[in-house]
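> Sending over a structure as structure tokens; questions will come in a sec.
The values are calculated or read from the model by the stated rules, or taken from the named source; none is laboratory data. The model shown is predicted, which means the values in this text are computed figures rather than measured ones. Here Cβ is always computed from backbone atoms with ideal geometry, including for glycine, and neighbour counts include all displayed protein chains.
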2 protein chains.
Amino acid sequence: MEKKLLSEAEGYELLKKYGIPTPENTIVKSADEAVKTADKMGYPVVAKIISPQVVHKSDVGGVVTGIRNNEEVRRAYDKILKNVREKVPEAEITGIIIEKDMPHGLELIVGGRIDPSFGKVITFGLGGTLVEFLKDVSIKVLPIRTDEIEKMIREIKGYALIKGYRGEPPKDEKELVQVINNVSRLFCESDKLVEFDINPLILYEKGACAVDARIYETEGEVKHEEKPQTGVPTEVFYPGSIAVIGASSNPNKVGYAVFRNLLDFPGKLYAVNPKREEILRHKVYPDLISIPDTVDMIVVTVPAAVVPEIMEEAGKKGVKLAVIITAGFKEIGKEGAALQDKVSGIAQKYGIRIIGPNCLGLILPHKGINATFDPANPKPGDLAFISQSGAIITTVVDWSLKEDVEIGLSAVISVGNQADLGFNEFMKFARDDKDTRAIVLYIEEIKNGRLFMKVAGEVSEKKPIVAIKSGSSKRGQKAASSHTGALAGSYNVYMAAFKQSGVIATHSLREAFQVGELLASEEYPKGNRAVVITNAGGFAVLSTDYAEKYGVELVDLPKDLMDELNSFLTPEWSHENPMDIVGDAGADRYARVFDVMVRNQDKWDITFVIAVPSSVLDSRQLAQEIVRFSNHTHKMIVGCLLGGNSMKSGVHILRKNTIPNFAELEEAFDVVGKALSIRGEQRVQA
Amino acid sequence: MEKKLLSEAEGYELLKKYGIPTPENTIVKSADEAVKTADKMGYPVVAKIISPQVVHKSDVGGVVTGIRNNEEVRRAYDKILKNVREKVPEAEITGIIIEKDMPHGLELIVGGRIDPSFGKVITFGLGGTLVEFLKDVSIKVLPIRTDEIEKMIREIKGYALIKGYRGEPPKDEKELVQVINNVSRLFCESDKLVEFDINPLILYEKGACAVDARIYETEGEVKHEEKPQTGVPTEVFYPGSIAVIGASSNPNKVGYAVFRNLLDFPGKLYAVNPKREEILRHKVYPDLISIPDTVDMIVVTVPAAVVPEIMEEAGKKGVKLAVIITAGFKEIGKEGAALQDKVSGIAQKYGIRIIGPNCLGLILPHKGINATFDPANPKPGDLAFISQSGAIITTVVDWSLKEDVEIGLSAVISVGNQADLGFNEFMKFARDDKDTRAIVLYIEEIKNGRLFMKVAGEVSEKKPIVAIKSGSSKRGQKAASSHTGALAGSYNVYMAAFKQSGVIATHSLREAFQVGELLASEEYPKGNRAVVITNAGGFAVLSTDYAEKYGVELVDLPKDLMDELNSFLTPEWSHENPMDIVGDAGADRYARVFDVMVRNQDKWDITFVIAVPSSVLDSRQLAQEIVRFSNHTHKMIVGCLLGGNSMKSGVHILRKNTIPNFAELEEAFDVVGKALSIRGEQRVQA
């Protein structure tokens, strides 16, 4: 995209139009005019060159600051012209701008740019080189609400300076919010603006002033692709009859694996293959049309070249959903893309919705549907997993079945090339699906980021969404791009977009599922006030470390609560939160503390019950007490039965009662902290 | 400790004595003298008040900078006196210091203080308020070598400014090293200095200048407690005969649990209890003296009050090591401390070494010794675990036995109150113990930090040490202090001390043992050049993310290596590192890539083999190929067989062949990155 730098004066004018304060300024064409202007304006003033060829004015001696009288103005005028003519002989000089020299204040940066995935974004940070390489900036995808701007300002570490550091008076935060608001509005409303940096925006105890602005406009128009949102009735995902196109009796073929996985499907199942008569004791039809019944969904495993033909047949047959596992479409290049477009066209003509192509398929464990070639079959549970990588699905499903993991799934969807249905439609399906309580996404790339945010924002108000986005590294971004064949937006913008739409970001798959499980298994915590009960001093210390690290607040115990605990605990107990009730604590001692916590449940939001193996502690009994505790409160109870075999039966009881348990203490606080983080975001939104 | 602030002039003098450049300066007592001095010095100059009562000179108008001529000096002199007399009427004014106004440059801070655990430490960072709250500082425990100073400077993010940011010329790093070196020497050699801040130290393209220094001296003398290092022959830990004092047949008693745990001991085992005749089919002796044989080691489980008497008996019997499990000593307060001193005194008299008191005991699985009341018994293995919390030992041992963990231990030592033997002696024992290949520490508090560093530095040159230190949070530091009854040093100083002595710090127990296992199971990697081989594109992307996050370098593949791979891989492979050899890769395809890597092993240091479940990949076969691969190189091979049951037999084969495997990809890179981090430190030290 060709872009053009606005001149200083043009920039000021644009900002002024949107109510963004700029210094008083005038363009002059002679030294005399400069003196007259400055004199009228009042000293001190600044003089700067105006020339389309000079972008970095200071570097060529095109700026003089702190001009204090008529004589200095004249000298500055001459010097600037001389410098620029010497250093940039080709520069066309429009004139020199004389502007009011603004007093010192806190220097900030407000910038804007267009992200390939999410469109217009705004960045905010402190000014100066130091901050630049410390990367202490916050990012938001536009448009933003005022409360989001307020958060944006408070997100940076440098906020301490705005608030008033070391007894300095606070700066005009209200005005700053207003300026960012105006800048955002300006950016949103413009069809031309593509990039800008207001650097510095000076913030005072009262007021602010944008004293320099580098603003780029495009010659063309900023594209604003907004693919319309398509509604998909949930029923489309719950077929009564399924046909596998390319079903095979050869165990090495995908068509065999898919058909075998679907044998448990309680609805009607058909095999289609012109070359076979029977597969796994099922009659085989030569084509879709020959099936005597209606077919709601097809699973396509035949070669790419045949797929258009199959889709025509499916259209005539009244198929509603096609899961196209077949690869060889857009991901292989131009030719494949054309074939994919052809398939999409046919589907649109007949109103068939597509999952894929180039995907692993769809699993709905509660419905007995496993339309994939995955060798393992997940257990029914609460989490919907929507993934942009089939191999990651296979891995997660295999892992989910491990004895000490045992995560159940409500839906597993491999999005593939997203020729038709994509993350947005699948998130909405998961929101409406009664079996789903939380949603986990594995994302490599999102094309229409703004639509994603809109949908995710709506969905996350009903059901929590946890996402892991790959491509955080430079090399990773390159790898992701070669993997999916598309340019990925900046990772930081993804993180900002997730936050703004209530999506919890995690760094690893295990963490993503742990957070998902936590949010699915319990009510969201209503706040982050936590108490810790433990029989081990060492873990009491570690739990305070982890609490601080992950943003969980350990509350102080009020006196009456302390008195109550003192009435039955042995004097060695820690007398504070974390409550170390000492190594000889049995389940009964825990239970008595739980009773106190139930009676005082207005004073906390989360209880971590930490227990380590000991000869006097029966893990089963403790687990039963934890269950009873949990039943008596609406607060979040997190089990941390640490160790191995000693805790096995206790852990089993907690799992059966959907009480989260963590075998590694740091993970417990990390995961709870993540869950709380988004709670905070939502609270502000509400 | 009473401390006294040195005056500006005194401070300058002290710095000058150690070759630290300071601005030319003179104290004047009148305006005339000020003018004369400044005139001689040359303008511009700075004038500052000198008064013991004025610490923050600027705040009371006690400083004037940028004085450019005689008239301004006179005005400044009068103004400073007026300001200070007004604002601090009680101030005794010694005079006014006139000093050369140094030109602008990069403002840095060099500070020093005395840490309760580690003694004199030095901190370094950029100047200015901004950096102060961004906490971009590096810390070192003194004394330090020049190469450590060089690293210290490069550790801060702000180093970019020293190196020359955005085309600015680099600053005089060599001079900076020299200044920090001189400051360190000054601090080390002083008996008086307790705290100082050179702020700012201005660094130029050539040279540096300390233009302001707040230096505190103590009236007394800085204490320099250096407990002499005691040598313990390794044999002391390998007793031929053990007696349990307080052995019991009551299963609820510690004396029962300990005796039962020792039944497998292959040497001679004796029960001592005046009230019993037989315990678990063993004859019971009424006291130590009655045992007809020599006794090398005793395990004490009787009440605290009786322990001195037992120690007297033990001394007479020639006992070499007493494991005192009994609690009720220093940890309960003054009275207990006196009792502990008494016990120590008796032990010293007879030359008995003590583990504990107030500890869980000692386990040496390879020797059949379990002198603890831990209900579980660890498997023999390579890791020595030395812990300041008994409950954490119990938890770790229980966890280590889990089917999918299976970590073996060479020694488990609960340090307890460290009345005699402590971390230092135990680390040396582990270094000399033939069964130990790596050491894991759980630390709440170290008393003599300098001695710890000396020992850890020596030991870590032979065997890797991994440590988890609790008390990183403010609240945690308080909890740790109430748990161990002692003031803990700052967490950051611990981290600096660990780094300086080659100790790898981790945040969680799981991570500590994973890093320990990695370092025990394989040769240290010789560098951080890594290659990744995988059958899953999604994990290829994630592995690049994690590599960047944890400091593992993914090398580019040279052309000849690429050519070799192209000769047999299908064209869909990624053609780069991470090598995605595509979803249909079987063990044979992995094996052919391994062969290429063996032939090119000069080009990498670590290979990550990532595999996800697939119908064409047999995990057992792949694991065998990985073992063969590992046998053919001296490089580090890290298995990442991801998933669950599909990978079980493969994981089992890797474990049997001591090849590390990780079920969660992020952990693999995190742990390898940690192991590499210390490698880097040691390389510089060598």
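> Is it the case, given these coordinates, that B:Leu676 is touching a strand residue (DSSP E or B) at 6+ places or on another chain (Cβ under 8 Å), surrounded by 17 or more Cβ atoms within 10 Å (Cβ to Cβ) and not assigned by TED's automatic domain parsing to the domain that holds B:Pro464?
No; evaluated as a whole, the condition is false for this residue.
> Among the numbered criteria (1) closer than 22 Å to A:Leu519 by Cα; (2) more than 14 Å from chain B (Cβ to nearest Cβ); (3) in contact (Cβ under 8 Å) with a residue 60 or more places away in the chain, which one does A:Asn448 miss?
With (1) closer than 22 Å to A:Leu519 by Cα; (2) more than 14 Å from chain B (Cβ to nearest Cβ); (3) in contact (Cβ under 8 Å) with a residue 60 or more places away in the chain applied to A:Asn448, the lone miss is (1).
For (1) modelled with pLDDT under 90; (2) surrounded by fewer than 14 Cβ atoms within 10 Å (Cβ to Cβ); (3) farther than 12 Å from A:Thr26 by Cα, each residue gets a yes or a no:
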| position | (1), (2), (3) |
| --- | --- |
| A:Lys36 | no, no, no |
| A:Ala47 | no, no, no |
| A:Val54 | yes, no, yes |
| A:Glu72 | no, no, yes |
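> If a residue has to be polar (S, T, N, Q) and assigned to a strand (DSSP E or B) to count, how many in the range A:10-38 make the cut?
Of the residues in that region, 2 qualify.
> Could you please find all residues in the range A:514-536 being touching a helix residue (DSSP H, G or I) at 6+ places or on another chain (Cβ under 7 Å) and assigned to a helix (DSSP H, G or I)?
Once the filter is applied, which keeps residues that are touching a helix residue (DSSP H, G or I) at 6+ places or on another chain (Cβ under 7 Å) and assigned to a helix (DSSP H, G or I), the range A:514-536 yields A:Gln514, A:Val515, A:Leu518, A:Leu519.
> Right, something else. Here's a check for you: in the range A:362-382, which residue that is touching a Ser or Thr at 6+ places or on another chain (Cβ under 9 Å) and within 14 Å of chain B (Cβ to nearest Cβ) is nearest to A:Leu321 (Cα to Cα)?
The extreme case among them is A:Thr372.
> For the range A:491-511, what are the residues that are of a type in the set (A, V, I, L, M, F, W, C) and within 11 Å of another protein chain (Cβ to nearest Cβ)?
The one that is of a type in the set (A, V, I, L, M, F, W, C) and within 11 Å of another protein chain (Cβ to nearest Cβ): A:Leu509.
> Quickly run through the range A:542-577 and pick out the residues that are in contact (Cβ under 8 Å) with a residue 24 or more places away in the chain and within 27 Å of B:Ala327 (Cα to Cα).
Those that are in contact (Cβ under 8 Å) with a residue 24 or more places away in the chain and within 27 Å of B:Ala327 (Cα to Cα): A:Leu542, A:Ser543, A:Thr544, A:Leu565, A:Phe568, A:Leu569, A:Ser574, A:Asn577.
> Which count do you get for residues in the range A:399-426 that are within 14 Å of another protein chain (Cβ to nearest Cβ), of a type in the set (S, T, N, Q) and not in a strand (DSSP E or B)?
Residues flagged as within 14 Å of another protein chain (Cβ to nearest Cβ), of a type in the set (S, T, N, Q) and not in a strand (DSSP E or B) within the range A:399-426 amount to 2.
> Report yes if some residue within the range B:616-632 is part of a helix (DSSP H, G or I), among the hydroxyl-bearing types (Ser, Thr, Tyr) and within 18 Å of B:Arg529 (Cβ to Cβ); otherwise report no.
yes
> What about B:Lys36, is it of a type outside the set (Val, Ile, Thr) and more than 30 Å from B:Lys163 (Cα to Cα)?
The answer is yes for B:Lys36.
> While we're looking at this one, here's another question. Could you list, in sequence order, the residues of the range B:577-607 that are part of a strand (DSSP E or B) and out of contact with any Phe, Trp or Tyr (no Cβ under 8 Å at 6 or more places or on another chain)?
B:Ile606
Residues are listed down the side, and each one gets a yes or a no for (1) under 23 Å from B:Val258 (Cβ atoms); (2) within 14 Å of chain B (Cβ to nearest Cβ); (3) touching a strand residue (DSSP E or B) at 6+ places or on another chain (Cβ under 9 Å):
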position: A:Asp563; (1), (2), (3): no, no, no
position: A:Trp573; (1), (2), (3): no, yes, yes
position: A:Asp580; (1), (2), (3): no, yes, yes
position: A:Gly583; (1), (2), (3): yes, yes, no
position: A:Arg589; (1), (2), (3): no, no, no
position: A:Ser619; (1), (2), (3): yes, yes, yes
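> State whether one or more residues within the range B:146-160 are touching a Gly at 6+ places or on another chain (Cβ under 9 Å), buried (at least 17 other Cβ atoms within 10 Å of the Cβ) and assigned to a helix (DSSP H, G or I).
No, the range B:146-160 contains no residue that is touching a Gly at 6+ places or on another chain (Cβ under 9 Å), buried (at least 17 other Cβ atoms within 10 Å of the Cβ) and assigned to a helix (DSSP H, G or I).
> Considering only the range A:1-31, how many residues are without any contact (Cβ under 8 Å) to a residue 60 or more places away in the chain and either of a type in the set (A, V, I, L, M, F, W, C) or closer than 22 Å to A:Ile93 by Cα (or both)?
Of the residues in that region, 3 qualify.
> Let me ask something additional. Could you list, in sequence order, the residues of the range A:134-161 that are among the basic types (Lys, Arg) and closer than 19 Å to A:Asn182 by Cα?
Scanning the range A:134-161 gives A:Lys140, A:Arg145, A:Lys151, A:Arg154.
> Across the range B:654-671, what is the total count of residues that are part of a helix (DSSP H, G or I), away from chain A (no Cβ under 14 Å) and surrounded by fewer than 22 Cβ atoms within 10 Å (Cβ to Cβ)?
Here the count works out to 2.
> Could you figure out which of (1) within 30 Å of A:Gly66 (Cβ to Cβ); (2) part of a helix (DSSP H, G or I); (3) polar (S, T, N, Q) isn't true of A:Asn199?
Of everything listed in (1) within 30 Å of A:Gly66 (Cβ to Cβ); (2) part of a helix (DSSP H, G or I); (3) polar (S, T, N, Q), A:Asn199 misses just condition (2).
> Which condition breaks for A:Lys171 when tested against (1) under 22 Å from the mean Cα position of the chain (by Cα); (2) within 14 Å of chain B (Cβ to nearest Cβ); (3) part of a loop (DSSP other than H, G, I, E, B)?
Exception for A:Lys171: condition (1).
> Which of the residues that make up the range A:39-73 are in a helix (DSSP H, G or I) and farther than 13 Å from A:Ile97 by Cα?
A:Asp39, A:Lys40, A:Ser58, A:Asp59, A:Val60, A:Asn70, A:Glu71, A:Glu72 - these are the residues of the range A:39-73 that are in a helix (DSSP H, G or I) and farther than 13 Å from A:Ile97 by Cα.
> Look at A:Ala467 and say whether it is modelled with pLDDT of 95 or more, closer than 29 Å to A:Asp147 by Cα, part of a strand (DSSP E or B) and not hydroxyl-bearing (Ser, Thr, Tyr).
Yes, satisfied.
> Among the residues of the range B:378-395, are any over 24 Å from A:Gly643 (Cβ atoms) and free of Cβ contacts under 8 Å to residues at least 60 places away in the same chain?
no
> For A:Tyr550, indicate whether it is at pLDDT 90 or above, surrounded by fewer than 24 Cβ atoms within 10 Å (Cβ to Cβ) and under 21 Å from the mean Cα position of the chain (by Cα).
yes
> Identify, by number, the condition in (1) within 30 Å of A:Phe669 (Cα to Cα); (2) touching a strand residue (DSSP E or B) at 6+ places or on another chain (Cβ under 8 Å) that B:Val555 doesn't meet.
All conditions pass for B:Val555, except number (1).
> Would it be correct to say that B:Glu445 is outside the structural domain of B:Ala347 (by TED's automatic domain parsing), among the acidic types (Asp, Glu) and on the phi > 0 side of the Ramachandran plot?
no
> Could you say which residue among A:Glu226, A:Glu205, A:Glu221 is in contact with a Pro (Cβ under 9 Å, 6 or more places away or on another chain), part of a loop (DSSP other than H, G, I, E, B) and either modelled with pLDDT under 95 or surrounded by fewer than 17 Cβ atoms within 10 Å (Cβ to Cβ) (or both)?
It is A:Glu205.
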